[in-house]
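Chemist: Attaching a single structure in structure tokens format; questions to follow.
The values are calculated or read from the model by the stated rules, or taken from the named source; none is laboratory data. Bear in mind the structure is a predicted one, so any value in this text is a computation, not a measurement. Backbone-built Cβ (ideal geometry, glycine too); neighbour counts: all protein chains shown.
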Amino acid sequence: MREDLDQVFELFTEVIREPVFAQEKLDLAKTQAKGQIARRNDSPDGIASREFKKLIYGQHSPYARTTEYATLDNISRADLVKFYQQYFHPNHMILGVVGDFEPARMKSLIQARFGEWETNTEVATKSSTLPKVSQAKSNGIFFVNQPQLTQSNIFIGHLGGQFDSQDYPALDVLNGVLNGFGGRLFNEIRTRQGLAYSVYGVWSPRYDYPGIFISGGQTRSDATVQFVKAVKNEVKHIQKKPIDPEELAFAKESTLNSFVFNFQDPKQTLSRLMRYEYYGYPADFLFRYRRAVEATTVADVQRVARKYLQPDKFVTLVVGNQKEIKPPLTNLSAEVQSIDVTIPGLPKPQA
């Protein structure tokens with residue numbers, strides 16, 4: 001609240017500049033994290049998402065790394081203190097404030113609480129270049145057996161790209177052609193063929209490393225093979241034949257209509273601007289994107305579909321009931337690689 005600003009800002013500053021890292025709080029955080037580990041195989045979609053990232057980025061990639069009990073046990077309070085001392089410095093931070101306040105008063109508070117905080121030039125001069133990302137599995141069919149399931153959760157895709165690609169707006173329009181009510185995947189695979197409860201295909205970029213093109217959905221166990229073939233066929237179809245002008249108009253309208261949701265409140269706007277600042281994007285990035293979407297043509301959509309969608313590099317992951325998947329996944333490939341999702345170190349239930 002406005003009347004509590006001075007007290008709350010002082011507490012906020014204290015937490016940022018002088019964190020205690022109380023041992024009991026660390027213990028609590030570990031207990032909560034261990035609870036999440038114990039439950040991580042409860043959701044088939046959660047299994048699929050986690051394991052698919054490993055197939056794309058690699059088992060030990062920071063973009064797919066999985067926290068284990070042993071990981072948590074290796075973290076001490078001293079590790080937290082060391083990490084804080086290494087990375088928490090004012091020249092490595094961006095501060096944003098939005099709300100009911102007087103700008104002059106807020107600037108005065110910030111200067112009073114943070115003005116004497118010394119920078120760390122050594123950290124600032126270190127390279128921030130991230131390691132290059134390559135696709136860990138070039139293609140293949142992978143399977144996680146969950147005998148209790150009555151349906152299959154399916155992920156199909158490959159390594160993608162970043163938001164700063166000049167083709168991102170056209171790829172986002174391509175997303176609109178493929179997805180949603182009226183999209184190709186919904187119309188063909190769910191409505192016409194009746195194969196899916198849900199189906200999608202999304203070019204999903206990231207700010208500073210390649211994202212993923214990911215398609216898939218949920219289907220009956222006995223429709224799994226047919227579903228995978230149908231998704232791949234739709235991707236190939238959009239590469240071979242230009243979309244209709246009506247499809248382009250529908251996709252562009254859907255994309256542009258969602259633009260307003262980027263500015264629903266001041267906090268959301270500030271958060272977006274800070275994100276652009278952090279990753280080095282221009283402040284008007286979103287507006288450039290909108291203009292590019294408006295200028296996207298039928299030819300642009302087919303061009304990016306041919307350039308960026310690579311069915312020969314598709315990694316396919318199925319989480320389902322092996323006995324109920326008929327025809328079997330070997331109809332897709334002679335080699336189907338099984339993935340073990342057993343949780344290392346999971347405590348055995350008490351007798």
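Chemist: Output the qualifying pairs, or none if there are none: Cβ atoms under 6 angstrom, residues six or more apart or on different chains, first residue in region 284-312 and touching a residue at least 40 places away in the same chain (Cβ under 8 Å), second residue of a type in the set (Asp, Glu) and outside any helix (DSSP H, G or I).
Modeler: Close Cβ pairs (under 6 Å, with a partner that is of a type in the set (Asp, Glu) and outside any helix (DSSP H, G or I)) amount to Val304/Asp167.
Chemist: If only one of Ser221, Ser258 is surrounded by 17 or more Cβ atoms within 10 Å (Cβ to Cβ) and out of contact with any His (no Cβ under 9 Å at 6 or more places or on another chain), which one is it?
Modeler: It is Ser221.
Chemist: Please tell me if Ala196 is assigned to a loop (DSSP other than H, G, I, E, B) and surrounded by 15 or more Cβ atoms within 10 Å (Cβ to Cβ).
Modeler: Answer is yes for this residue.
Chemist: In this structure, is Lys137 surrounded by 16 or more Cβ atoms within 10 Å (Cβ to Cβ), under 28 Å from the mean Cα position of the chain (by Cα), at negative phi and part of a loop (DSSP other than H, G, I, E, B)?
Modeler: Spelling it out, Lys137 is indeed surrounded by 16 or more Cβ atoms within 10 Å (Cβ to Cβ), under 28 Å from the mean Cα position of the chain (by Cα), at negative phi and part of a loop (DSSP other than H, G, I, E, B).
Chemist: Scan the helices (runs of 4 or more DSSP H) fully inside region 1-119 and keep the ones with 2 or more residues being within 28 Å of Val319 (Cβ to Cβ).
Modeler: 23-38, 44-57, 69-73
Chemist: Pro245 - would you say it is under 30 Å from Thr150 (Cβ atoms), exposed (fewer than 14 other Cβ atoms within 10 Å of the Cβ) and in the same structural domain as Pro169 (by TED's automatic domain parsing)?
Modeler: No, not satisfied.
Chemist: Tell me, which residue of region 174-193 that is within 29 Å of Glu324 (Cβ to Cβ) and touching an Asp or Glu at 6+ places or on another chain (Cβ under 8 Å) is surrounded by the fewest Cβ atoms within 10 Å (Cβ to Cβ)?
Modeler: For region 174-193, the residue satisfying everything is Glu188.
Chemist: Looking at region 130-157, which of the residues that are β-branched (Val, Ile, Thr) and either at pLDDT 95 or above or outside the structural domain of Ser198 (by TED's automatic domain parsing) (or both) is farthest from Arg50 (Cα to Cα)?
Modeler: Step by step, filter region 130-157, then rank; the result is Val133.
For (1) exposed (fewer than 13 other Cβ atoms within 10 Å of the Cβ); (2) in a helix (DSSP H, G or I), each residue gets a yes or a no:
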| site | (1), (2) |
| --- | --- |
| Ala283 | yes, no |
| Arg290 | no, yes |
| Gln302 | no, yes |
| Val341 | no, no |
| Leu346 | no, no |
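Chemist: Next question. Of the residues that make up region 200-208, is at least one touching a residue at least 12 places away in the same chain (Cβ under 8 Å), acidic (Asp, Glu) and touching a Lys or Arg at 6+ places or on another chain (Cβ under 9 Å)?
Modeler: No; the residues of region 200-208 include none that is touching a residue at least 12 places away in the same chain (Cβ under 8 Å), acidic (Asp, Glu) and touching a Lys or Arg at 6+ places or on another chain (Cβ under 9 Å).
Chemist: Continuing with this model, one more query. The conditions are (1) loosely packed, with under 14 Cβ neighbours inside 10 Å; (2) within 24 Å of the chain's Cα centre (by Cα), and Ala64 fails exactly one of them. Which is it?
Modeler: (1)
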